[in-house]
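Here is the structure we will look at, set down as structure tokens.
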Amino acid sequence: MPAFSTDTILDLIVRHPIVPVFYHADAEQAQAIVQACYDGGLRVFEFTNRGAQALPVFTQLVGYVRQNCPDMAIGIGTILTPDDAEKFLDAGADFVVQPITTPAVGDVCKKRGIAWMPAGTTLNEIYQATLLGADLVKVFPGNVVGPDFIKAIKGPIPSLKLMVTGGVEPTIDSLSSWFRAGVTAVGIGSQLFSGQSANATVLRDRVASLVQIVAPFIKE
């Protein structure tokens, strides 16, 4: 039984539309980063499957989140195969994010009642993902398509729920341009954690300032 229903995950993303995208091979460092994001006001976190230690670190991270960040959904990203999806769902992932669209991964998520967020870069790819049952579609890489692309495709299909990742900067100009274009959420990776933001206190304060930037765009 998942900790969060699919509807609850989507509601969390709508109300807390900044999603950190992060990987670290050290569990304690990952926990400190998640805690800083939680204390700064974020409630959805994507840990990525990008290293040999991803599964054991994620498993520890899920336990930490359940105890210390009870209102946070912790999901797994960079999932390519249904076998990997199964492993991380067994470890407690609340949602699955892909850099591509693999129908078999979607089938695993639907069977287990888990939110599935595959990716697309063209309108056809994005629409096909929704037909396959995507709860939200990741637009990746965002820096290739730009905010004008989002605005254009939302014209004929305004119901699309999109999370753009790649090229999103933690600045008022970047965030405002994406949300004005019509994205549901943004995923921010290395740029969120660069420089002094590796320090938990600095990251917490940086996250809190970003939460204030996107607040006017949140649809209750």
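The values are calculated or read from the model by the stated rules, or taken from the named source; none is laboratory data. Every value quoted in this text rests on a predicted model; they were computed, and no experiment measured them. Neighbour counts run over all protein chains shown; Cβ positions are idealised from the backbone, glycine included. For the accessible areas, the whole protein counts, side chains as well, though only heavy atoms, and no ligand, DNA or RNA atoms are used. Shrake-Rupley method; radii C 1.70, N 1.55, O 1.52, S 1.80 Å.
General remarks:
- Scanning the range 160-199 for residues that are at pLDDT 95 or above, in a loop (DSSP other than H, G, I, E, B) and open to solvent by 40 Å² or more (accessible area, probe 1.4 Å) yields Lys161, Glu169, Thr171.
- Residue tally, condition in contact (Cβ under 8 Å) with a residue 40 or more places away in the chain and buried (at least 16 other Cβ atoms within 10 Å of the Cβ), over the range 58-77: 4
- Among the residues examined, Ala185 qualifies as in contact with a Lys or Arg (Cβ under 9 Å, 6 or more places away or on another chain) and either under 30 Å from Gly113 (Cα atoms) or touching a residue at least 24 places away in the same chain (Cβ under 8 Å) (or both).
- Residue list for the range 39-82, filter: more than 25 Å from Val137 (Cα to Cα) and among the acidic types (Asp, Glu): Asp39
- Criterion violated by Ala32 - all others in (1) over 23 Å from Val164 (Cα atoms); (2) touching a strand residue (DSSP E or B) at 6+ places or on another chain (Cβ under 7 Å) satisfied: (2)
- Residue satisfying all of: in the range 36-56; open to solvent by less than 40 Å² (accessible area, probe 1.4 Å) and in a helix (DSSP H, G or I); farthest from Val211 (Cα to Cα) among these: Ala54
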